[in-house]
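The next block holds one structure in the form of structure tokens; read it before the comments.
The values are calculated or read from the model by the stated rules, or taken from the named source; none is laboratory data. The model shown is predicted, which means the values in this text are computed figures rather than measured ones. All Cβ positions, even for glycine, are placed from backbone atoms using ideal geometry, and neighbour counts span all protein chains on display.
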């Protein structure tokens, strides 16, 4: 099944009328409300993902990646259900995919500092917004909750390579 269009055919104001923040599924899908921002909801979702990441960044790598896998599977369900409930397709207000993408990218920073958080954030947002191949292909061709999630995971892989490469080439930064 292919996507007809990337963005919802329903106006953002209609999405906001249909989403229910009292519904835990909707609340998580819109990034605890961060995706309801009238400007740059994806960027706001990515920003809010950072303090949440600080709560679990100290986990062992196995537990960390298990948490990411659960968040991804959970996200496929959240995004699909919220899209169905609001009668939209991949609304920009659904930002759980940004949360997971940021968490993947942040795993690769060498240590916690404002500079590395900014580098990871900018790298992820650039790939998520520009969507070079194959990110754009997945964004356009894969539908449903999985489709909403997978392009951000691929953007996270690209941004993780940038972060890892910078950490390797500039270890003292």
Within segment 15-58, restricting to residues that are out of contact with any helix residue (DSSP H, G or I) (no Cβ under 8 Å at 6 or more places or on another chain) and part of a helix (DSSP H, G or I), the one that is modelled with the lowest pLDDT is 17
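Can you tell which of 104, 94, 112, 148 is farther than 23 Å from residue 26 by Cα and out of contact with any strand residue (DSSP E or B) (no Cβ under 9 Å at 6 or more places or on another chain)?
Answer to the check: 112.
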Considering segment 142-173 alone, what residues qualify as being touching a residue at least 24 places away in the same chain (Cβ under 8 Å) and assigned to a loop (DSSP other than H, G, I, E, B)?
-> 142, 143, 171, 173
Hey, could you check segment 83-97 for residues that are in contact (Cβ under 8 Å) with a residue 24 or more places away in the chain and assigned to a helix (DSSP H, G or I) and say which is surrounded by the most Cβ atoms within 10 Å (Cβ to Cβ)?
-> 97
Report whether or not residue 124 is part of a loop (DSSP other than H, G, I, E, B) and at pLDDT 95 or above.
-> no
